[in-house]
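Peer 1: This is the structure I want to talk about, given as structure tokens.
The values are calculated or read from the model by the stated rules, or taken from the named source; none is laboratory data. Model, not experiment: these values are computed from the prediction. For neighbour counting, all protein chains shown are included, and Cβ atoms are generated from backbone atoms with ideal geometry for every residue, glycine included. Ligands, DNA and RNA are stripped out before the accessible areas are found, and what is left, the full protein with its side chains, is counted by its heavy atoms. Shrake-Rupley method; radii C 1.70, N 1.55, O 1.52, S 1.80 Å.
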Amino acid sequence: MLYTMRGVLRLCRKQIVLQNQCFTQVRASTNVVNDQNVNNNNSSKDFAALLEKYKDKIRFNSFLEHEKLELGYYKYHIKTVKREKGRQKKEYLEKSLPPLPVALKYYVDEERLLKEESIETTEQNNEFQLPFSSSTKVEYEKNEPVKEETSNETAVAREFDRSNIDNWMTNYEYFDDTIIEEGSDDEADTGWSKYYGTPDPLAHVSRVPCGGCGALLHCSDPAIPGYLPSEIFKHREVEELKTIECQRCHFLKEYNIALDVSVQPEEYEKLLQSIRKVKSLVILMVDLLDFPCSIWPGIVDIIGTDRPIIVVGNKVDLLPGDSIGYLKRIKESLITELNKTKLGEANIKHVSLISAKTGYGVEDLISALFKLWLYKGDVFLVGCTNVGKSSLFNALLQSDYCKVHAVDIIKRATVSRWPGTTLNLLKFPINRPSGWKIQQRTQRLKSERQLMKVEKEIRKAQLLGNVPAEAPALIGHIGRSFTDAVETDEFGSRKLTVFDEKHRLFAQSKWFYDTPGVIHPDQVLSLLSTEELLLTIPKQLMRPQTYYLNKGQTIFIGGLARLDFVDCARPCRFTIFCSESLPITVTQTDDADEVYNKFIGTELFAAPSGGEERLKSWPGLKEHESLLEFEGEGPQQCCGDIVLSSVAWVGVTAKQDTVCSVRAWTPGARGIYRRYPSVLPFSIKLKGKRIRDTPAYMIGKVFSDQE
């Protein structure tokens with residue numbers, strides 16, 4: 001009898017614990033929902049209530065029906081039925097449990113059980129910042145030549161203290177370099193992480209602004225202001241983050257080094273005035289995901305039409321292959337847009353497609369530089385913000401294009417005094433392409449080409465046999481043909497450990513300069529906050545999303561762009577290339593204004609985000625001054641692209657001998673262009689099957705022959 005009573009008591013205690021856990025989970029979930037509502041729109045908009053009220057006016061939304069895009073109607077139906085059966089089974093099991101005994105109430109302290117626990121709530125910081133909205137202030141030496149320093153020590157002291165730049169991360173109070181050394185077996189990776197740290201794209205953005213520039217601290221992307229290495233950013237309390245400055249501000253403060261500098265177009269002419277006075281080559285970098293908005297034609301007014309230019313299209317690894325020869329068509333589209341600007345009159349020597357992130361095409365670019373320019377003068381890397389100049393600079397620094405003595409001693413944040421101004425910029429000495437070097441480099445490239453050919457055949461065989469989870473990316477290997485031992489005896493000196501540009505090895509060198517990024521007036525990056533930038537800028541291979549629209553329908557790309565299908569004799573297909581973090585919404589044009597005004601700042605549009613304070617400074621969408629018209633070329637080919645600044649571009653597919661009229665909207669009507677020919681004219685073939693009762697097609701495969 002005593003044993004039975006003890007068992008009953010244990011059962012009662014377990015049920016009480018379960019009830020307490022259920023109550024705690026309900027309270028926690030309620031608090032999470034409330035916090036999300038506060039963060040999204042300062043508790044002013046109830047997304048669920050709005051969705052229930054206006055669901056009839058929303059034709060389709062990729063955020064609400066993302067499973068249909070991935071699975072298709074049939075698989076989604078099977079999954080929904082299976083999920084509902086599981087829910088009903090769970091509900092049946094819960095109802096079939098025996099009721100609680102009446103005696104349980106004598107063992108339960110109802111006042112303690114039902115008493116609401118006091119939860120400390122902190123006020124949310126509704127302040128936001130626009131990382132690309134302000135440019136770097138630069139002071140110029142007006143009409144004063146750069147004075148030579150009488151002593152090397154004086155010059156070094158005047159610029160910055162180089163003594164601790166190799167391990168700058170140890171200057172941060174919260175960085176522990178012993179963790180990396182203990183957790184890594186690869187000495188090369190350990191050294192790189194110890195010096196520079198590593199990003200973590202999956203980490204969330206903090207709400208703590210940098211004390212130097214005001215950008216929100218994060219560790220997602222080094223190209224966005226407010227970046228800190230994940231080794232410093234993670235596991236830090238809010239109070240600790242408030243005492244830490246971002247990487248860029250730290251280098252500016254401690255070493256007088258400007259990282260990722262952006263300037264206004266009118267200031268750029270002063271920055272690059274020295275190019276006119278020296279014999280030099282200009283590398284103009286363009287973002288292939290955002291041209292012509294990332295093409296800066298003002299460079300022609302500065303350097304003239306006679307100076308040689310090499311145009312480099314970056315981020316080609318993010319473009320899917322629509323059919324055989326797609327890289328050639330991308331280059332042709334880029335050249336066509338270049339000819340529409342002042343660059344059509346410039347002395348363009350070469351056009352190259354690369355990926356500074358994966359290394360694809362960088363070796364071919366180096367070969368073109370050696371062949372076309374040799375060692376005639378300095379080389380300047382110019383372009384707009386966020387096109388990847390710093391990534392290309394770091395790639396070339398570890399390649400054959402950098403002088404072999406300087407490869408290991410010039411760090412990622414090397415500083416040099418820019419001629420004619422007081423601004424410090426990055427540079428490295430160029431390797432002189434003598435005959436034996438070119439021969440040795442050619443032999444290395446041939447041997448690596450054979451290895452890459454075998455690797456490509458293996459990858460292709462794997463694709464034919466198995467369905468991979470991700471598409472094959474355009475990847476290239478950047479190697480080095482020379483070692484420091486090759487030239488150490490040229491002057492009979494020992495291997496250098498500290499970089500000194502006045503050393504006899506570098507005194508007569510030609511230099512490769514990384515210049516600041518110019519703010520293009522067509523880009524909307526300056527209007528976006530840190531969270532919105534991380535949602536908008538693509539980080540992986542773009543998968544096209546195709547929609548079948550009738551006249552009088554509207555597409556929203558997040559809350560950052562809008563397309564109105566004004567007129568056409570037949571329905572058209574619109575293939576959207578954007579970050580998959582931006583939801584696509586389809587409505588009737590008559591309801592578009594109402595839907596946008598009601599759902600802006602909610603999950604339906606994702607961006608802009610940040611509550612009422614953010615929406616007060618949001619400029620809103622403005623329509624382009626004229627309609628964009630496209631002549632149909634059949635159902636299997638895009639008849640042109642609609643460029644929507646830094647947000648997306650849309651390929652239009654219309655029936656033969658029809659004219660499609662579209663009205664485009666962006667913030668402030670920035671960066672709206674009609675681009676022909678299309679970058680990926682056969683991308684319509686990448687679509688999946690049509691989803692029943694929706695205007696959307698499934699997201700298709702992007703595995704195509706990348707030749």
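Peer 1: For segment 204-241, name all the residues that are touching a Gly at 6+ places or on another chain (Cβ under 6 Å), open to solvent by less than 20 Å² (accessible area, probe 1.4 Å) and at pLDDT 85 or above. Spell out how you get there, then give the answer.
Peer 2: First, pick out the residues of segment 204-241 that are touching a Gly at 6+ places or on another chain (Cβ under 6 Å): 210, 215-218, 229, 231.
Restricting the remaining residues to those that are open to solvent by less than 20 Å² (accessible area, probe 1.4 Å) gives 210, 215-218, 229.
The answer is 217, 218, 229.
Peer 1: Follow-up question, since we're still on this one. Only one residue in 55, 89, 82, 95 is under 30 Å from residue 532 (Cβ atoms), more than 31 Å from the chain's Cα centre (by Cα) and modelled with pLDDT of 50 or more, so which one is that?
Peer 2: The conditions single out 55.
Peer 1: Residues of segment 319-345 being farther than 16 Å from residue 292 by Cα, touching a Lys or Arg at 6+ places or on another chain (Cβ under 8 Å) and surrounded by 19 or more Cβ atoms within 10 Å (Cβ to Cβ), which ones?
Peer 2: Listed by number, the residues that qualify are 320, 322.
Peer 1: Hey, another quick one. Select from segment 592-624 the residues that are open to solvent by 20 Å² or more (accessible area, probe 1.4 Å) and within 22 Å of the chain's Cα centre (by Cα) and write down the one among them that is modelled with the lowest pLDDT.
Peer 2: Filtering segment 592-624 for residues that are open to solvent by 20 Å² or more (accessible area, probe 1.4 Å) and within 22 Å of the chain's Cα centre (by Cα), the one modelled with the lowest pLDDT comes out as 610.
Peer 1: Of all residues in segment 274-288, which are hydrophobic (A, V, I, L, M, F, W, C) and either open to solvent by 20 Å² or more (accessible area, probe 1.4 Å) or farther than 28 Å from residue 542 by Cβ (or both)?
Peer 2: Of everything in segment 274-288, those that are hydrophobic (A, V, I, L, M, F, W, C) and either open to solvent by 20 Å² or more (accessible area, probe 1.4 Å) or farther than 28 Å from residue 542 by Cβ (or both) turn out to be 275, 278, 281, 282.
Peer 1: Out of all the residues in segment 590-637, which are β-branched (Val, Ile, Thr) and over 15 Å from residue 562 (Cα atoms)?
Peer 2: Once the filter is applied, which keeps residues that are β-branched (Val, Ile, Thr) and over 15 Å from residue 562 (Cα atoms), segment 590-637 yields only 602.
Peer 1: Also: Here is a list: 468, 419, 433, 472. Which entry is in a loop (DSSP other than H, G, I, E, B) and at pLDDT 80 or above?
Peer 2: On the way: 468 fails: at pLDDT 80 or above; 419 fails: at pLDDT 80 or above; 472 fails: at pLDDT 80 or above.
When all the criteria are applied, what remains is 433.
Peer 1: Right, another one. Filtering segment 633-645 down to residues that are out of contact with any Phe, Trp or Tyr (no Cβ under 8 Å at 6 or more places or on another chain) and open to solvent by 10 Å² or more (accessible area, probe 1.4 Å), which residue is nearest to residue 577 (Cα to Cα)?
Peer 2: The qualifying residue nearest to residue 577 (Cα to Cα) is 635.
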